[in-house]
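*Asks:* Attaching a single structure in structure tokens format; questions to follow.
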Amino acid sequence: MKKIQANLLLLVVAVLWGGGFIFVEILLGSGMPAGMITMLRGLIFAACTFAVFFKHIIRMTLADLKVGLIAGGTNALAFLLQAIGQSYTSPSHSALITVIYVVMVPIFCWIFYRIRPKIKTAISVIMCVLGAIVLVNGEADGFGSKVLLGDLLVFAAAIMFGMNIAYLGHSGKQTHYGTVGFFMGVSLFAVSLIYVLVAGETFSFNGNEWKVIGSLAYLGVLSSTLCQILQVVCQRYTSPVSASMIMTLEGFFGGVFSLFYGDALTWHLVVGGLVIVVSLLIHEFDFSLFFKKKEDKKE
């Protein structure tokens, strides 16, 4: 697979993940608590990957097990925190704050793999934080606000997503993607099950059963199984930073889809979202090419 093909498939992942915010919101509105959503999502994910890749899974190596558990653990915490956070905030907030993981990736690459980030990364981090502050300030009325709590939980999820992408980009290339995907599903199910039991979550159904089934199918089969297998595969053919930049478009698509779902279009949402998007573009743009063209013109 070529890098351009990997990046295009990651764009498909971004679109499907963007739609996932709406289906999580549908399930929350139907009375299903956040932990139960991610638990069932993980169960479907694990079942699908085992059904397709069982030959590789039963022959896994210790290296596969190590990568699967680390990738699965960080991924599970990220999705659980994101779902819990979204139960207190809006889909648009959740989508836009989640994409902050793009600036977390180079930070974790620096911490774990000694790959020093560029100056523009620091600028992007500052802008992302400022954008998140504007976004959060639009609806949160004090630090006791449920909306603010939700936004902070989603921000914590973004940190975990960044750690997961950085790890997969550097340590997941020698393991089979089906095995890694299986452990992602199992970990998501196990971590969510523990949370459900500790939090004492129960499901009081109050919505259309086919809407609930369809939403779970989308999250489990498309948004989890298909997207995360594609993520693991495609990250073998592109860099962690490029992968994270493309996948941050899930925030854009999630924001757009949430407007159709009924989210209000406020100036805090527009300004905060634009600041975050611009920070991501700054992070991706290769300024050396710009200065090189200027020097060529002078000559």
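*Asks:* Of all the residues that make up region 26-65, how many are surrounded by 21 or more Cβ atoms within 10 Å (Cβ to Cβ), hydroxyl-bearing (Ser, Thr, Tyr) and under 19 Å from Lys211 (Cα atoms)?
*Replies:* The qualifying residues number 1.
*Asks:* Restricting attention to region 162-182, report how many residues are under 14 Å from the mean Cα position of the chain (by Cα) and within 15 Å of Cys48 (Cβ to Cβ).
*Replies:* 0
*Asks:* Quick test for you: out of Ser204, Ser192, pick the one residue that is at pLDDT below 85 and not aromatic (Phe, Trp, Tyr). Before the answer, list the steps.
*Replies:* Working: Ser192 fails: at pLDDT below 85.
Checking each option against the conditions leaves just Ser204.
*Asks:* Are any of the residues in region 111-133 in contact (Cβ under 8 Å) with a residue 40 or more places away in the chain, of a type in the set (S, T, N, Q) and more than 20 Å from Leu226 (Cα to Cα)?
*Replies:* Yes - at least one qualifying residue is present in region 111-133.
*Asks:* Same structure, new question: Of all the helices (runs of 4 or more DSSP H) wholly in region 30-129, which have at least 1 residues that are within 20 Å of Phe189 (Cα to Cα) and under 20 Å from the mean Cα position of the chain (by Cα)?
*Replies:* Details: elements: 34-57, 62-86, 91-98, 101-113.
It comes to 34-57, 62-86.
*Asks:* For region 212-225, does any single residue satisfy the condition of being at pLDDT below 90 and not in a helix (DSSP H, G or I)?
*Replies:* no
*Asks:* Sort out which residues of region 248-268 are hydrophobic (A, V, I, L, M, F, W, C) and at pLDDT below 75, and write them in order of number. Before the answer, list the steps.
*Replies:* So the first thing to find is which residues in region 248-268 are hydrophobic (A, V, I, L, M, F, W, C), and the list is 249, 252-253, 256-257, 259-260, 264-265, 267.
Listed by number, the residues that qualify are Leu249, Phe252, Val256, Leu259, Phe260, Ala264, Leu265, Trp267.
*Asks:* Among the listed residues Leu10, Leu16, identify the single one that is crowded, with 24+ Cβ neighbours inside 10 Å, at pLDDT 85 or above and not basic (Lys, Arg). Step through it out loud before you land on a result.
*Replies:* Working: Leu16 fails: crowded, with 24+ Cβ neighbours inside 10 Å.
Criteria check complete, one pass: Leu10.
The values are calculated or read from the model by the stated rules, or taken from the named source; none is laboratory data. As the structure is a prediction and not an experimental result, all values here were calculated from the model. A quick note on method: Cβ atoms are made from the backbone with ideal geometry, for glycine too, and the neighbour counts reach across all protein chains shown.
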